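Here's the structure we're looking at; comments come further down.
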Amino acid sequence: MEQMNTAAAKSIRCRAAVSRVAGQPLEMEEVEVAPPRAHEVRIKILCTSICHTDITFWRMEGNHPSIFGHEAVGVVESVGEHVQEVAVGDMVVPVFAAQCSECPDCLSDRSNLCSKLPNVAGLMPRDRTTRFSSVSTGEPIRHFLSVSSFAEYTVVDITYIVKLDVGFPPAMACLLSCGISTGVGAAWKVAAVEPGSSVAVFGLGAVGLAVAQGARMRGAKRIIGVDLNPDKFDVGKRLGMTDFINPNDTGGKTVSEVIKEMTGGGGADYCFECIGSTSVMAEAFQSTRNGWGKTILLGVSGNKAPISIPSHEILRGRSVIGSLFGGIKPKNDIPMLAQKYLDKELELEEFITHEMGFEEINRAFELLTQGKSIRCIIWMDGAKEIDNGV
């Protein structure tokens, strides 16, 4: 298929769900999406989903007007100069973490944080401008995490794009662009969970449930889920969870005390915090065993508060490590996870509780904030209503 490059491509007008006021419903507007510049790709979004990170930034002041969304799949509509990795018609997933394959971080197995093209708040990473504007006013609209998938078309830098086989199921590809890859990757690459070990997962949203699945795939013997919603345990069991703790139903004991009792008095070998609460991060740390207990922080906190951990506890061989995107290198690891799904080694369907059309995006926000969905697939061209809510 002949490439449509910057010289041929023109601006596109399309629908976008624009966030104009912190915490208020998104407004469906007509926006203009500029052609891709050098090293950029314009994508027609097939479907998108809502991640808790979208909710966190949607609630924060100073991020508006913005087009949020960073978990999606689409088809390449046009490419800018110097783009050779993908072509018009390719299926791609945009991701929030770049992989330039040239910088020290991309070349090292110790990091997945590209130091050449990091995220620039609200703007494209190379020239620090926006490709979105309001049709009615001409006002520039901010990008989000270099993706902005709550629009029918978006422009993404090539370093933030992963190509998948065109026949791969779009809804499953959407899931791999953030949450599921983060959780499975954290168990595999960050924690390197050992066979026969014990794991505790704090927060059973999509990321936490994916951690449980990743830990099961690594051979963990006991996987304890911690969540205020007991309905999450059913899907957790199907993904490998063996035990469940509701912090409101512990008989006055702390969660760490319960976990230590469940693990013979020592504590879990690995604890994953998937909420973004600094108090839960501290409790997760207290739930690990001395000697080698490891706490992995995956939740995004909106207030940047410090974590309170006694220094003498660190001296006893316990460690804390943070991770973005579960330590995965997207261009290398997302195709590998896609193949695991095709080989029936990785479960993805369990995470989809709802499907709906783009015009219902505010209802999707409500379902997630109320804890009634795990992942809601939002189809740009509309979809038959599916509700398998938790």
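The values are calculated or read from the model by the stated rules, or taken from the named source; none is laboratory data. None of these values were measured; they are calculated from a predicted model. Every residue, glycine among them, receives a Cβ derived from its backbone with ideal geometry; neighbour counts consider all protein chains shown. Accessible surface is based on the protein model in full, side chains and every heavy atom, while ligands, DNA and RNA are left aside. Shrake-Rupley method; radii C 1.70, N 1.55, O 1.52, S 1.80 Å.
Here are the numbers:
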{"quantity": "Number of positions in segment 39-61 that are open to solvent by 40 Å² or more (accessible area, probe 1.4 Å), in contact (Cβ under 8 Å) with a residue 40 or more places away in the chain and within 24 Å of E139 (Cα to Cα)", "calculated": "4"}
{"quantity": "Candidate set: segment 121-156, residues that are over 18 Å from V31 (Cα atoms) and modelled with pLDDT of 95 or more; chosen: the one surrounded by the most Cβ atoms within 10 Å (Cβ to Cβ)", "calculated": "L145"}
{"quantity": "Which listed residue is farther than 22 Å from P330 by Cβ and at pLDDT 95 or above, from I67, I43, I12", "calculated": "I12"}
{"quantity": "Segment 23-38, residues that are under 17 Å from W58 (Cβ atoms), of a type outside the set (A, V, I, L, M) and open to solvent by 60 Å² or more (accessible area, probe 1.4 Å)", "calculated": "Q24, P25, E27"}
{"quantity": "Selection within segment 219-274 - open to solvent by 30 Å² or more (accessible area, probe 1.4 Å), assigned to a helix (DSSP H, G or I) and in contact with a Leu (Cβ under 7 Å, 6 or more places away or on another chain)", "calculated": "none"}
{"quantity": "All positions within segment 219-237 that are over 21 Å from the mean Cα position of the chain (by Cα) and among the basic types (K, R)", "calculated": "K221, R222, K237"}
{"quantity": "Among residues of segment 292-314, those that are open to solvent by 50 Å² or more (accessible area, probe 1.4 Å), more than 16 Å from G326 (Cα to Cα) and touching a Lys or Arg at 6+ places or on another chain (Cβ under 8 Å), counted", "calculated": "1"}
{"quantity": "Subset of segment 180-218 that is among the charged types (D, E, K, R) and under 24 Å from I352 (Cβ atoms) - its residue that is most open to solvent (accessible area, probe 1.4 Å)", "calculated": "R216"}
{"quantity": "Segment 279-291, residues that are of a type in the set (S, T, N, Q) and either at pLDDT below 95 or surrounded by fewer than 16 Cβ atoms within 10 Å (Cβ to Cβ) (or both)", "calculated": "S279, N290"}
{"quantity": "A192, sole failed condition from (1) within 24 Å of Q370 (Cβ to Cβ); (2) in a loop (DSSP other than H, G, I, E, B)", "calculated": "(1)"}
{"quantity": "Flag for S319 being more than 21 Å from the chain's Cα centre (by Cα), surrounded by fewer than 22 Cβ atoms within 10 Å (Cβ to Cβ) and at pLDDT 95 or above", "calculated": "yes"}
